[in-house]
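Only one structure is covered here, and it is reproduced in the block below.
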Amino acid sequence: MRIFFAYWLLEDGGSAQDVRAYAATARGLGHEVFLYGRPGSIPGIPSSLRVDTADAVVFVFEWTTDIGRCDNLDLARILARVPRERRIVIDCDGGYNDTLTLDGDRNHRTPQEARRWMEICERISDRIFQPTLDPLRSDVSTFFFHGYDPAWERPFDFSAKDHGMVYVGHSKFRWGPMRRILEAVEPVRSSLDRISLVGHGWDAMPSWAAEMSMEDAYASDPSYLAWLGVECVPPVPAGEVLPWMGRAVFNPVIYRPLFARLGFVTCRTFETPASGTIPLFGLDESYVAEVFGKAATALVLPEHGADELVADLVSRPEHYGDVVAQVRSHLARRHSYRARMEELVRILADQPATTDPTASVPRGERP
């Protein structure tokens, strides 16, 4: 099958690692994956504008509705050349829902904006997917999109770490979850080495936030970060994400409130455990058990005594490295790109799934 992804891919944000992994996995399974765009526009990812040769087109909506730096006729070309039944939408941002607002986070500003966006998705396809086990809408199906690649796995060498904590990701609607992590770090700060937050908006408002009316999305507390000795680093290319995470003893795994409410997975869901660090989950324990396996619940930040867990991570990293090894094994079994690719092909061929769309065991048998 020849599959095109319609997606605006950037090297310092979003799911560049995922698209590369799909392209490589597809070749091994006898399929082809292309990013819709001019050939050679993204190094290492096959790109093409020849959608007339596509067996199917996958629209991946994640933080932007644009396809790429082509022109304004891209959508018209795809819709004209690829029949509706060969197009699907993967909504990675929760936009295909009525207006939701949680702890300052939102998927749309107004009900009118939500309705307009849902109408756009429905004009593209009658098959909408989201990366969650429990979509809010009955007309949405599950497809996780993001996956785990054992080839990413880096060794656990805690003697070589130059950071106590690193987080790679933009601050968009994430200050609340990050503040909870930092408050757990605060009582034991002297026992940690450097702390770095890598991405847009942690120590200053991004230059483009005002023109996009997104100042509230990037709200943070730079004075608190400076007091705690947190270093803020500009975004890094996708190829540097895992090495950056691997510099620290532990990395928080946090979601913006909207994604936590929807039970979404993200690219960091699967990248962090592979990077040679200890993931510290600022997420619901039942969600962590379901996605990462039972062993991962030992790494969930508790409501009480959170600083004690942080101190233990730092003092006994090898012990927790053994826990992460179990998490890796679970992810490799249940969330590999091979499983994702096989499921995507079944979806595009409109065949009934023979296994759970998340490559997990049947829902009644999940931990």
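Quick check for you: which residues of region 205-235 have the amide N under 12 Å from the point 7 Å beyond the Cα of Arg194 toward its beta carbon? The answer is 230-234.
At full extension, Ala332 and Ala24 could sit 109.2 nm farther apart than now, given 0.36 nm per residue minus the alpha carbon distance. Secondary-structure-derived ellipticity at 222 nm for the chain, considering helices only, amounts to -9000 deg cm²/dmol, per-run term -39500 (n - 2.57) for DSSP H runs with n ≥ 4.
Which percent of the accessible area of region 244-310 is formed by carbon and sulfur heavy atoms (probe 1.4 angstrom)? Ligands and nucleic acids excluded, carbon and sulfur reach 47 percent. For region 241-328, a Kirkwood hydrodynamic radius built from all Cα pairs, placed in the Stokes-Einstein relation at 20 °C and 1.002 mPa s, yields a translational diffusion coefficient of 164 µm²/s.
Computed from label points 7 Å out along Cα-Cβ, the spacing between Ser159 and Lys294 is 3.5 nm.
Can you pull the semi-axes for the chain, root of five times each eigenvalue of the Cα gyration tensor, sorted largest first, whole Å? Before the final figure, lay out the partial values.
Numbers: eigenvalues 226, 108, 77 Å².
Equivalent ellipsoid semi-axes, largest first: 34, 23, 20 Å.
Model label sites at Glu231 and Glu119, defined 7 Å from Cα along the beta-carbon direction, differ in position by 5.0 nm. What is the angle, in °, between the Cα long axis of helix 16-28 and the longest principal axis of the Cα atoms in the chain? Nearest 10 is fine, range 0 to 90. The angle comes out at about 60 degrees. Region 17-59 and region 130-161 have their alpha-carbon centroids 20 Å apart. For region 71-205, pairs of C-alpha atoms spaced more than 24 angstrom apart make up 55 percent of the total. Between Thr110 and Met1, the modelled label-to-label distance comes to 3.9 nm, taking each label 7 Å out from Cα in the direction of the beta carbon.
Packing, as the average of other Cβ atoms within 10 Å across residues, places the peptides 173-184, 44-55 in the order 173-184, 44-55, highest first. For the pair Glu240 and Asp126, the difference between a 0.36 nm per residue extended length and the Cα-Cα distance amounts to 37.3 nm.
Relative contact order, percent, of the chain when contacts are C-alpha pairs under 8 Å separated by at least 6 residues?
So the answer I get is 17 percent.
The calculated FRET efficiency for the pair Glu211 and His319, based on their C-beta separation and a Förster distance of 41 Å, comes to about 0.30.
For the pair region 278-336 / region 218-257, the C-alpha centres are spaced 19 Å from each other. Summary value for region 49-190: 18 percent relative contact order, contacts being C-alpha pairs under 8 angstrom separated by 6+ residues.
The values are calculated or read from the model by the stated rules, or taken from the named source; none is laboratory data. Note that the coordinates shown come from a computational prediction; the quantities given were computed from them, not determined experimentally. Using ideal geometry, Cβ is built from the backbone for each residue, glycine included, and neighbour counts are taken over all protein chains shown. What goes into the accessible areas is simple: the full protein's heavy atoms, side chains included, and nothing from ligands, DNA or RNA. Shrake-Rupley method; radii C 1.70, N 1.55, O 1.52, S 1.80 Å.
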